[in-house]
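Here's the structure, in C-alpha cells; my notes come after.
The values are calculated or read from the model by the stated rules, or taken from the named source; none is laboratory data. These numbers come from a predicted model, not from an experiment. Please note: Cβ atoms are built from the backbone with ideal geometry, for glycine as well, and neighbour counts cover all protein chains shown. SASA here: full protein model, heavy atoms, side chains in, ligands and nucleic acids out. Shrake-Rupley method; radii C 1.70, N 1.55, O 1.52, S 1.80 Å.
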Amino acid sequence: MLARADILNPEIFVSRLAQVELDNVFNPYSEICDHCDRADSARQRCVNLTVSLERAIQLNVRTIWIARDLGYRGGRRTGLALTDEAHLKSYSSLLGGVAVQKATKGPEVGERTANTIWRMLERIGEPIFLWNVFPLHPHEKGQPLSNRCHTARERKVCAEFLHAVIGMLNPTKVVAIGGDAHKAAAELGIATTQVRHPSYGGQNEFIRQISVAYCLEEQRSQLELFG
C-alpha cells in the first residue's frame, strides 16, 4: 500500500490526519481534551507536527523510530510521537532547533517511556524522526485518560499516514520500538529492526540494544580512555 501523493506534503498530511474520526480514539490534531487543553491546543499540535516533518525533510533525516500508538501522557498532549512535555526542548534540539511548543494548560507532564527514549536519543545526538504505526491516541471506552492497543481496523484506516512518512523521508533505517509496533508495521508491508519496548521491565534491554546499535558503549570507553 502506498500513500496518496497529495499527503506527501507536510501541511496536507497534517490536515488530512486531523480529519480522521474513530470511536474511542482521541485525535490530538482536531480535538480538545476537557482535562488539559486550551482552546488552541489542537492547532498547536498541528503546528508541532507540521514543522517537525518540514525540518526532518530539510535535514534529510534517514532514520525513523516507530512505536505502536500515542499515549495519554505523551503524544496526546504534544502531538509528537514518543515525546512528552518534559522533553520538548530535547525534541527541538534533535531537529536543529525546530519551533515546537507546549500545547496544554497547567504544569508539564512527563511519561516514563518517553524519559527512557529521550535518555538514549540525547546520547545518540543525531536527528531521528519519531512516529507511530497508529498516529492517534486509542483509549478505553469512557476513559479518555487511558491507553489501549489500537485495533486492526483502526490501523488500516490510518495506514496511509505511516506510508506517507516513509515516502517523505525515504529512510535507510526504520526501528520498531517493541514487538507490537514491529508486527503491525510488517502487516503494512514495512520492514523494521525490532528493539525491546522500554516499558514493563524492558528498560535495561532497550538501553542495551540501542547502545550496541549506535556504538554508545564504545564511545563511552573512548571518552574514559582519553579523559
**Study point:** Rounded to 10°, Cα long-axis angle of helix 203-213 versus longest principal axis of the chain
**Key:** 60
Check your understanding: the chain: longest stretch without exposed trypsin sites (Lys or Arg not before Pro) (DSSP loop, at most 13 other Cβ within 10 Å), sites themselves excluded?
Key -> 5-104
Point to revise | Compactness of the stretch 1-106, expressed as Rg and Dmax over alpha-carbon positions, Å | key: 13.5, 41
Review point. What are the semi-axes of the equivalent ellipsoid of the chain, taken as the square roots of 5 times the eigenvalues of the Cα gyration tensor, listed largest first and rounded to whole Å?
Key: 27, 20, 18
Review point. For the stretch 86-180, what ratio Rg/Rh do Cα atoms give with a Kirkwood hydrodynamic radius?
Key: 0.97
Practice item. Please work out the Cα convex hull volume for the stretch 126-214 and give it in Å³ per residue. Key: 114
Review point. How compact and how long is the stretch 41-97, expressed as Rg and Dmax of its alpha-carbon atoms in Å?
Key: 11.1, 30
Point to revise | Convex hull of the stretch 69-134 built on C-alpha atoms - directionally averaged projected area, nm² | key: 4.2
Point to revise | Sequence of D37, D6, D180 when ordered by accessible area, the most exposed leading, probe 1.4 angstrom | key: D180, D6, D37
Check your understanding: Expressed as a rounded percentage, what relative contact order does the stretch 51-114 have, with Cα pairs under 8 Å and six or more residues apart?
Key -> 35
Review point. Lysines within cross-link reach of K156: Cα-Cα under 24 Å, excluding same-chain residues under 8 positions apart?
Key: K141, K173, K183
Exercise for review: Treating only the Cβ atoms of Lys and Arg (+1) and Asp and Glu (-1) as charged, compute the dipole magnitude of the chain about its Cα centre; round to the nearest 20 debye.
Suggested key: 100
**Study point:** Pair E217, Q143: separation of 7 Å Cα→Cβ label points (nm)
**Key:** 3.8
Study note, to complete from the structure: With all protein chains present, the chain has a carbon and sulfur share of its accessible area (1.4 Å probe) in percent of 49
**Study point:** Area accessible to solvent at L136, 1.4 Å probe radius, in Å²
**Key:** 0
Practice item. Can you figure out the FRET efficiency of E108 with A5, using R₀ = 25 Å and their beta-carbon distance, to the nearest 0.05? Key: 0.10
Review point. Who wins for biggest fluctuation among Y214, Y29, Y200 in a Gaussian network model of the chain, springs between alpha carbons below 10 Å?
Key: Y200
Revision key, fill the gap. Length-normalised contact order of the stretch 88-227, Cα under 8 Å, at least 6 apart, in percent, tallies to 18
Check your understanding: Which loop GluC sites (Glu not before Pro) in the stretch 110-162, with loop taken from DSSP, have no more than 15 other Cβ atoms within 10 angstrom of their Cβ?
Key -> none
